[in-house]
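The values are calculated or read from the model by the stated rules, or taken from the named source; none is laboratory data. In this text, all values refer to a predicted model and were calculated from it rather than measured experimentally. Keep in mind that these areas ignore ligands, DNA and RNA; they rest on the heavy atoms of the full protein, side chains included. Shrake-Rupley method; radii C 1.70, N 1.55, O 1.52, S 1.80 Å.
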Amino acid sequence: MPVIIPGANSAKLSGRVAQILGCALIKVERKNFPDADQYVRLTGKIDRADAFVLGSTWPNQDSALFELMLLADAAIMSGAKTVSAIIPYMSYSRQDKRFLDGEPLSLDVVIRALKSSGISSILTVDSHFMRAGGKIVTREGVKITNVSAYPLLMKKVTSMVGRPVIIAPDRSMEAPLKEFGEVLVIEKSRDRMTGAVSAVEKGYPVEGADVIFVDDMISAGGTMVKAAAILSKSKPSSMTACCAHGLFVDGADGKMKEAGMARIVSTDTIESAYSEVSVASVIAEAMVEE
Ligand code: R5P
């Protein structure tokens, strides 16, 4: 039987996954020293089990990443047979290539760091760098499996409204959403220096419909606010913003509501007041398949 070692950001989700699988949830003692160095200690039995450290790396992405590394090392020292990471929301996934000269390839730096702490494979959910499709990829010598929350998310949000119309708030979301029906696409672009979002203004055939914007993540909300501003001109009956990963930085949820979003729905890859869909079953299934 595997054991699950919960990261600080995913205590509830770890509990849900452990409950589905009926496997042990290892208790973690954690504290910060006065200088903020992190301390963790596993207090459960690991023996020769396959250990899974489970933690999203938001909020506090850098310390959350480092915590996963400490937990992995502690698992190895405690006799784990293998250590894998389950990182439902994986920060730095958007820097999966070098967009401008002089930039690092941040995602690969993260993967190498995790590997160096003994993590041999990674399971993640709707990671930005896998949005073009595919379930398994090897990066930096580490097998990464990407599972999707979209089937559960789409089931939930489409059941909440009468006449759903799916909108991809940028072109990259068209492919992951295609299996759920017709997808209308907003042509969005982002200024790489300022981060400002712009999009092609045009009309959409959504009068009287319940528009559902679906993105992999909502961070500062600029994408959704822009999408709402454009679509509201076509007189939909309601607008819903949904995503796999709801970071909601800097009051993004308030800004989206002001822009006309009647509902905001996300999963529990990051716990928030909007986490109406749990990815626990998707993760548990993938762990069994591994
Ligand atoms: C970008 O390509 C992503 O898919 C999201 O659209 C983006 O990260 C959302 O960020 P924000 O909420 O800050 O616009």
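Output the antiparallel fraction of DSSP beta bridges having both residues in the chain, as a percent to the nearest 5.
Counting DSSP beta bridges with both partners in the chain, the antiparallel share is about 25 percent.
Give me the Å³ per residue figure for the convex hull around the C-alpha atoms of the chain.
With only Cα atoms used, the chain gives 134 Å³ per residue.
Just the number, please: carbon plus sulfur as a percent of the accessible area of segment 131-252, 1.4 Å probe, no ligands or DNA/RNA counted.
Here it works out to 51 percent.
Translational diffusion coefficient, Stokes-Einstein: compute it for segment 1-151 using the Kirkwood radius over C-alpha pairs as Rh, at 20 °C and 1.002 mPa s, and state it as an integer in µm² s⁻¹.
136 µm²/s
Return the ratio Rg/(2.2 N^0.38 Å) for segment 203-290, where Rg is computed over Cα atoms only.
1.21
For a distance above 24 Å, tell me the whole-number percent of Cα pairs in segment 99-229 that qualify.
For segment 99-229, the fraction of Cα-Cα distances above 24 Å is 41 percent.
Based on the alpha-carbon gyration tensor of segment 8-95 and its eigenvalue square roots a ≥ b ≥ c, which shape applies: rounded if a/c is under 1.5, prolate if not and a/b is larger than b/c, or oblate?
Oblate, since a/c reaches 1.5 and b/c is not below a/b.
Can you give the Rg to Rh ratio for segment 51-114, taking only C-alpha atoms and Rh from Kirkwood?
Across segment 51-114, the Cα-based Rg/Rh ratio is 1.04.
Can you tell me which of Q38, Q95, Q61 moves the most in a GNM of the chain? Springs connect C-alpha atoms under 10 Å apart.
Evaluated over the chain, the most mobile residue of the options is Q38.
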